[in-house]
Amino acid sequence: MFLSVFDMFKVGVGPSSSHTMGPMVAAARFLETLRNSPFRAAGLKASLHGSLAFTGLGHATDRATILGLAGFEPATYDAAKAETVLEAITATHKITPPGLGEMAFDPKKDLVFDYGPALSGHANGMILKATDAQGDVILQETYYSIGGGFVLTAAEQAEAGGAKAKARADVPYPFETAAEMMEMAAKSGLSIAQMKLANELKFRTKAEIDKGIARLWEVMNHCISRGMEGTGILPGGLKVRRRAKGIHDALLAERGLNMTAPHVINDWMSLYAMAVNEENAAGGQVVTAPTNGAAGVLPAVLRYYLDHVPGASTARIGDFLLTAAAIGGLCKHNASISGAECGCQAEVGSAAAMAAAGLAAVLGGSVEQVENAAEIALEHHLGMTCDPVKGLVQVPCIERNGLGAIKAVSAASLSLRGDGQHLVSLDVCIETMRQTGKDMHEKYKETSLGGLAVNVPNC
């Protein structure tokens with residue numbers, strides 16, 4: 001199997017990779033299909049289904065869809081320009097995608113939240129249509145946002161669901177399971193990061209990979225820094241107060257007192273993760289790791305390594321991210337990274353497994369210890385529901401990332417105390433996550449119809 005590190009980690013915009021980035025990506029794909037078609041469209045329409053409908057307002061899915069149809073994409077998102085374009089579309093009921101000319105689009109009429117049964121292919125479904133001057137549909141496509149900003153058409157989803165997507169055979173180490181990964185590592189004498197790099201080199205030069213990885217960490221790190229300076233109330237109506245700056249200021253003040261308890265290091269890890277997820281909740285620029293809802297775990301663990309671990313080196317950032325991407329690819333390929341599909345175990349659980357593996361790798365762990373670290377971290381997130389209050393990626397999501405980072409560091413440390421031999425394999429853990437997600441009631445999978453979402457007053 002090959003899933004690029006640049007597919008697993010994507011620069012985008014908050015608050016949700018599946019509910020914000022995904023619909024924007026789907027709209028961009030639809031525009032490209034329309035550009036390549038023989039049709040001349042006079043109007044556009046969209047409908048949101050399943051989890052995209054139930055939590056769409058909280059995740060800004062409507063805004064993302066409209067902006068995507070206007071030509072915006074997550075990686076190049078310009079917040080100031082977006083506001084201007086949205087105001088114009090709302091006022092004129094016209095939308096002008098690049099290369100397609102002006103078309104009719106009234107957000108109140110042409111963007112529909114369908115609260116009926118979800119579409120058959122995935123909990124996150126949307127239908128985009130182009131119409132002629134009479135209002136007849138001339139082009140229509142169904143898209144599924146399957147988590148982490150990944151988007152499939154209905155045909156692509158059916159193909160992937162009917163039989164597992166075939167692994168790309170044109171890479172040196174096409175492992176589809178952790179067992180295969182460890183076997184290939186044993187035969188080659190390479191680390192997980194080295195095998196992952198060898199696979200990446202089939203499609204990019206070393207210089208391109210190094211530059212791309214540096215960019216990913218730059219965005220992650222800047223997100224942490226912005227989050228630690230941000231103040232005020234997060235948008236959405238819950239009136240959640242940003243806390244990262246206050247925690248950071250308090251931790252800095254305590255540094256010179258020589259009275260800090262050892263457990264305070266957990267507060268630093270939580271701080272870094274919460275800073276990212278407060279930025280994400282505010283609609284800021286983040287990196288999917290592997291999703292927006294779980295975007296704080298991995299950067300927090302990497303920042304912890306760089307700032308708090310003796311002997312840490314920025315030269316190991318690439319090894320950390322490549323190792324983490326390999327583990328994330330296994331989770332996605334064999335289960336899911338989508339909260340709407342498998343609950344938060346698929347988001348924060350996968351993120352913790354990725355971060356634990358990356359940390360174990362840069363701390364000198366063997367391939368077996370790295371796999372064990374990922375397994376420990378994932379195992380203790382199994383069964384976790386996705387129940388965002390009011391459909392916002394705030395409660396419990398922001399704190400949950402902090403605790404996910406702490407679990408990841410603990411898992412890596414525990415694995416390094418052993419020799420890599422353990423009872424439950426990562427493959428078994430991932431398969432358990434898949435089965436648990438399949439059995440989990442829909443109200444606990446990002447619909448905000450169960451759990452904390454219905455037991456916490458949110459108005």
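The values are calculated or read from the model by the stated rules, or taken from the named source; none is laboratory data. Remember, predicted model here, so these are calculated numbers, not experimental data. Cβ placement follows ideal geometry from the backbone for every residue including glycine, while neighbour counts extend to all protein chains displayed.
For the range 328-340, the criterion of being over 30 Å from residue 57 (Cα atoms), buried (at least 24 other Cβ atoms within 10 Å of the Cβ) and not polar (S, T, N, Q) is met by at least one residue. Residue count for the range 50-78 under the criterion of being outside any loop (DSSP other than H, G, I, E, B) and surrounded by fewer than 23 Cβ atoms within 10 Å (Cβ to Cβ): the result is 5.
Within the range 362-394, the set of residues being more than 30 Å from residue 238 (Cβ to Cβ) and not in a helix (DSSP H, G or I) comprises 363, 364, 365, 366.
For the range 295-310, the criterion of a residue being within 29 Å of residue 328 (Cα to Cα) and in contact with a Pro (Cβ under 9 Å, 6 or more places away or on another chain) is satisfied by at least one position.
In this structure, does residue 411 turn out to be closer than 15 Å to residue 430 by Cα and either small (Gly, Ala, Ser) or not assigned by TED's automatic domain parsing to the domain that holds residue 193 (or both)? Considered against the rule, which asks whether it is closer than 15 Å to residue 430 by Cα and either small (Gly, Ala, Ser) or not assigned by TED's automatic domain parsing to the domain that holds residue 193 (or both), residue 411 comes out as no.
Could you identify the single residue in 315, 351 that is crowded, with 24+ Cβ neighbours inside 10 Å and either among the small types (Gly, Ala, Ser) or over 19 Å from residue 379 (Cβ atoms) (or both)? Please lay out each step first, then the result.
On the way: 315 fails: crowded, with 24+ Cβ neighbours inside 10 Å.
Sole residue among the options that is crowded, with 24+ Cβ neighbours inside 10 Å and either among the small types (Gly, Ala, Ser) or over 19 Å from residue 379 (Cβ atoms) (or both): 351.
Looking at residue 59, is it within 19 Å of residue 150 (Cβ to Cβ), in contact with a helix residue (DSSP H, G or I) (Cβ under 9 Å, 6 or more places away or on another chain) and either in the same structural domain as residue 149 (by TED's automatic domain parsing) or modelled with pLDDT of 95 or more (or both)? Judged against the criteria, residue 59 is a match. Number of residues in the range 395-415 that are surrounded by fewer than 24 Cβ atoms within 10 Å (Cβ to Cβ) and either among the β-branched types (Val, Ile, Thr) or not in a helix (DSSP H, G or I) (or both): the value is 3.
When only residues in the range 26-49 that are in contact with a Gly (Cβ under 6 Å, 6 or more places away or on another chain) and part of a helix (DSSP H, G or I) count, which is surrounded by the most Cβ atoms within 10 Å (Cβ to Cβ)?
Here the answer is 27.
Inside the range 4-31, can you point out the residues that are among the polar types (S, T, N, Q) and either over 11 Å from the mean Cα position of the chain (by Cα) or farther than 13 Å from residue 293 by Cβ (or both)?
We begin by selecting, within the range 4-31, every residue among the polar types (S, T, N, Q); these are 4, 16-18, 20.
If the condition is that a residue be among the polar types (S, T, N, Q) and either over 11 Å from the mean Cα position of the chain (by Cα) or farther than 13 Å from residue 293 by Cβ (or both), then 4 is the only one that fits.
With respect to residue 246, is the statement that it is modelled with pLDDT under 95, part of a helix (DSSP H, G or I) and not assigned by TED's automatic domain parsing to the domain that holds residue 151 true? No. Where helices (runs of 4 or more DSSP H) sit wholly within the range 147-242, those with at least 2 residues that are charged (D, E, K, R) and either buried (at least 19 other Cβ atoms within 10 Å of the Cβ) or in contact with a Pro (Cβ under 9 Å, 6 or more places away or on another chain) (or both) occupy 192-200.
All of 198, 294, 300 fail the test of being farther than 30 Å from residue 456 by Cα, small (Gly, Ala, Ser) and touching a Ser or Thr at 6+ places or on another chain (Cβ under 9 Å), apart from 198.
Would you check if residue 349 is closer than 24 Å to residue 213 by Cα, touching a residue at least 60 places away in the same chain (Cβ under 8 Å) and either touching a His at 6+ places or on another chain (Cβ under 6 Å) or in the same structural domain as residue 54 (by TED's automatic domain parsing) (or both)?
Yes.
In the set 281, 294, only one residue is crowded, with 24+ Cβ neighbours inside 10 Å and under 12 Å from the mean Cα position of the chain (by Cα); that residue is 294.
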